[in-house]
1. Given the C-alpha centroids of segment 29-93 and segment 162-240, what is the distance between them in whole angstrom?
2. Ratio of segment 86-129's C-alpha Rg to 2.2 N^0.38 Å, to two decimals?
3. Pairs to check: 89/243; 16/68; 60/185. Give those whose C-alpha atoms are more than 21 Å from each other in this structure.
4. Taking only the alpha-carbon atoms of segment 1-160, what semi-axes of the equivalent ellipsoid follow from 5 times the gyration tensor eigenvalues under a square root, in whole Å, largest first?
5. What distance in nm separates the two pseudo spin-label positions at residue 167 and residue 128, each 7 Å out from Cα along the beta-carbon direction?
6. For the chain, what's the relative contact order in percent, using C-alpha pairs closer than 8 Å and at least 6 residues apart?
7. Given bins 5 angstrom wide, list per bin the percent of all Cα-Cα distances in segment 88-250, short to long.
8. Could you work out how far apart the two model spin labels at residue 53 and residue 185 are, taking each label as a point 7 Å from the Cα in the direction of the beta carbon, and quote it in nm?
Amino acid sequence: MINKKNSLNKEVINEKMTLAEVVKEYPQTIPFLNDFHLDYCCGGHEAIDKTAKELGLDAKQLVENLNKIANKPMIGDVDRVKDIERFEKLSVDEMIDDIQETHHVYERELMDKIEDSLNKILLVHYPHHGQELTKLHHLYAQLKADLEEHFAKEERLTFPLMHKNPIPSVDDIKRVQQLEEEHSKAGDLIKEIQELTNNFTLPDDACRTYQYTFETMEALFNDIFIHIFKENSVLFPEYYEMKDGCKKSCRA
Ligand SMILES: [Fe+2]
Ligand SMILES: [Fe+2]
């Protein structure tokens, strides 16, 4: 259950909330969750106590840390927080267009840059890091192909259908749920890459291009997490609710 936002230093997040709910209410927690590799987008729908148990973390401590961040006056990531708050106020049609104009465009740019630089470091650093870089090259190629096909499906099939059918049928909902499954697959590949690179830890002999590749890949993943969060936890639930004729205005 979500407690109301409170400007005083009080517990606003509890162990029964999911990380997706936490981010929806307190987007300023995203950098903390990223630092600790806590999944708030694809696997963010379990209660915090359950997630913490699975990861061997202290749930009470986790909630305490999240509350500290939720209660802090906003510094640093103001743009990201404002972006999510702005997004949550959009209609379903506006959200669909917004995601394509922002995340799809930006992530395509990043993916092309990474493909180019990853290929360069594979060649230059093959003698000392061939095994890791070959695996990374392979996993990344898989992720890029999956995401390109996923974006094409959203842009050419599912999103136009959502525009066309503002009140979804059971089949429309099933189609959108397929996108959520694809998000989970992308999330699994991202986790594999994070593990393989030890969360983008550079080797001692890394060159500037190696560093650029890791930094750009990390930026891509951080954007994908927000992108998937917006679709899985804001846009799609909003669309599913339209089935029962409950528009945003009737819940306000
Ligand atoms: Fe998308
Ligand atoms: Fe998507």
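1. Their Cα centres are 16 Å away from one another.
2. Against the compact-globule rule of thumb, the ratio is 1.87.
3. Listed pairs above 21 Å: 60/185.
4. Equivalent-ellipsoid dimensions as semi-axes: 33, 23, 15 Å.
5. Taking the simple label geometry, residue 167 and residue 128 are separated by 6.5 nm.
6. Values: 206 pairs, mean separation 63.6, N = 252.
About 25 percent, as a whole number.
7. The calculated distribution, bin by bin, is 1, 8, 17, 20, 15, 11, 9, 7, 5, 3, 2, 1, 0.
8. Simple spin-label model gives 3.1 nm for this pair.
Values quoted throughout were computed directly from the atomic coordinates according to the rules given, and no laboratory measurement underlies them. It should be emphasised that the depicted structure is a prediction, and the values quoted were computed from it without experimental measurement. Neighbour counts are summed over all protein chains in view; Cβ atoms, including those assigned to glycine, are modelled from backbone coordinates with ideal geometry.
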